[in-house]
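Here the structure is laid out as structure tokens; the discussion comes afterwards.
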Amino acid sequence: MQFKLAPVFAAACLLASCSSQPKDTNQNQADNASTTSEQAVTKNTPSTAETDYTGMVLFPAGSYTIGSNKGLPNEQPAHAVDLSAFYIDKTPVTVAQFRSFIAATDYQTEADRFGDSGIFNLTTNQWELKKGANWEHPFGPDGEQAQEDHPVTQVSWNDAQAYAEWAGKRLPTEAEWEVAARSGQTDDRRFSWGAQLIVDGKYLANVWQGNQVTHNSNEDGYQYTSPVGAFGENEAGVSDMGGNVWNWCADTYQLYPGNPSPSRKDENVKVIRGGSFFFDQNGEDSYTVSGRSFNSHETSLFNTGFRCAADAK
């Protein structure tokens, strides 16, 4: 199994057992300064099965603004997107929901096929490929079993696609994800729930507390994942749109139209949104409504999950 090193993981040196040591993708972009950014395209993938809209929130068709002129370089510029009406899951897909998919299809995740998956070992303070780590045992066979009401993790983008197709849904585009995180509004909110991460001493999301990968004070009550919805919903009724687990999106990662930075599009590199419970070098910027990162489509990690979307009919 090989990892594509995204900014979210650049603070740590990933997996010496990989066949080659990846570079920070930002550096890869700088190394290809002769290339130009391609225009980002948002498109829907039609569902192929009967869709159950239970547990989903509807957003009307319209013109929305995504991105930020104040955020990190890859969030810029703010720009308008025209979207058809869509539904998005209120929460990330849970372990229980993913278990139903496995039971119905006998699907084998990529982590199971590879025989290992990625975790950060807080004892050795390094990333490692853990033998036997999968969606049921995110930390390996000797670790705790994943809890049914927590978001499923150790699933690749390909696994998420397979689940979504089985459910008669699809992965959200990152534009749809951001619109849902913003509750469909065009205000200048920083986070899905408002302007601050901490209000009256209380954390409003499951995030990493501390500025080092080796220290988490667990002030939010969770060292790893939390039950979906544990921190409440935004105005639109959608939860976990910041922290808990990164969410896979449908899109191939690329810079936004009008962003002058050099960039090279790679169809194998997909967008992730929302940040997670784990340390990220971008700190609070990882949890914002406009924050964005990426990873390779076959990568499975202990802090990455997904939610589904569907076309409105």
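The values are calculated or read from the model by the stated rules, or taken from the named source; none is laboratory data. Quantities reported herein were computed from a predicted structural model and do not represent experimental measurements. Backbone-built Cβ (ideal geometry, glycine too); neighbour counts: all protein chains shown.
Just one residue in the set SER300, SER296, SER263 is touching an Asp or Glu at 6+ places or on another chain (Cβ under 7 Å) and among the polar types (S, T, N, Q); that residue is SER300.
Taking each residue of region 212-227 that is modelled with pLDDT of 90 or more and looking for partners that are crowded, with 18+ Cβ neighbours inside 10 Å and not in a loop (DSSP other than H, G, I, E, B) with beta-carbon atoms closer than 6 Å, six or more apart or interchain, yields THR225/PRO151.
Considering the conditions (1) of a type in the set (Ser, Thr, Tyr); (2) surrounded by fewer than 19 Cβ atoms within 10 Å (Cβ to Cβ); (3) under 27 Å from TRP208 (Cβ atoms), SER100 is excluded by exactly one of them, (3).
Could you tell me which residue of region 97-148 is nearest to the chain's Cα centre (by Cα), considering only residues that are part of a loop (DSSP other than H, G, I, E, B) and closer than 19 Å to GLN161 by Cβ? My answer is TRP135. Every residue in region 196-209 that is under 21 Å from the mean Cα position of the chain (by Cα) and either loosely packed, with under 14 Cβ neighbours inside 10 Å or without any contact (Cβ under 8 Å) to a residue 12 or more places away in the chain (or both), please. Those that are under 21 Å from the mean Cα position of the chain (by Cα) and either loosely packed, with under 14 Cβ neighbours inside 10 Å or without any contact (Cβ under 8 Å) to a residue 12 or more places away in the chain (or both): GLN196, GLN209.
Within region 60-82, restricting attention to residues that are in contact with a Pro (Cβ under 9 Å, 6 or more places away or on another chain), outside any helix (DSSP H, G or I) and touching a residue at least 40 places away in the same chain (Cβ under 8 Å), the residue that is nearest to GLU178 (Cα to Cα) is GLY67.
Region 233-313 holds strands (runs of 3 or more DSSP E) entirely within its bounds, and those carrying 2 or more residues that are in contact (Cβ under 8 Å) with a residue 60 or more places away in the chain and closer than 18 Å to PHE191 by Cα map to 246-252, 269-273, 292-296. Looking only at residues of region 285-313 that are β-branched (Val, Ile, Thr) and over 25 Å from GLY115 (Cβ atoms), we find that the one that is surrounded by the most Cβ atoms within 10 Å (Cβ to Cβ) is VAL289. Here PHE86 clears all of (1) in contact with a helix residue (DSSP H, G or I) (Cβ under 9 Å, 6 or more places away or on another chain); (2) more than 18 Å from ALA250 (Cα to Cα); (3) surrounded by 19 or more Cβ atoms within 10 Å (Cβ to Cβ) except the condition numbered (2).
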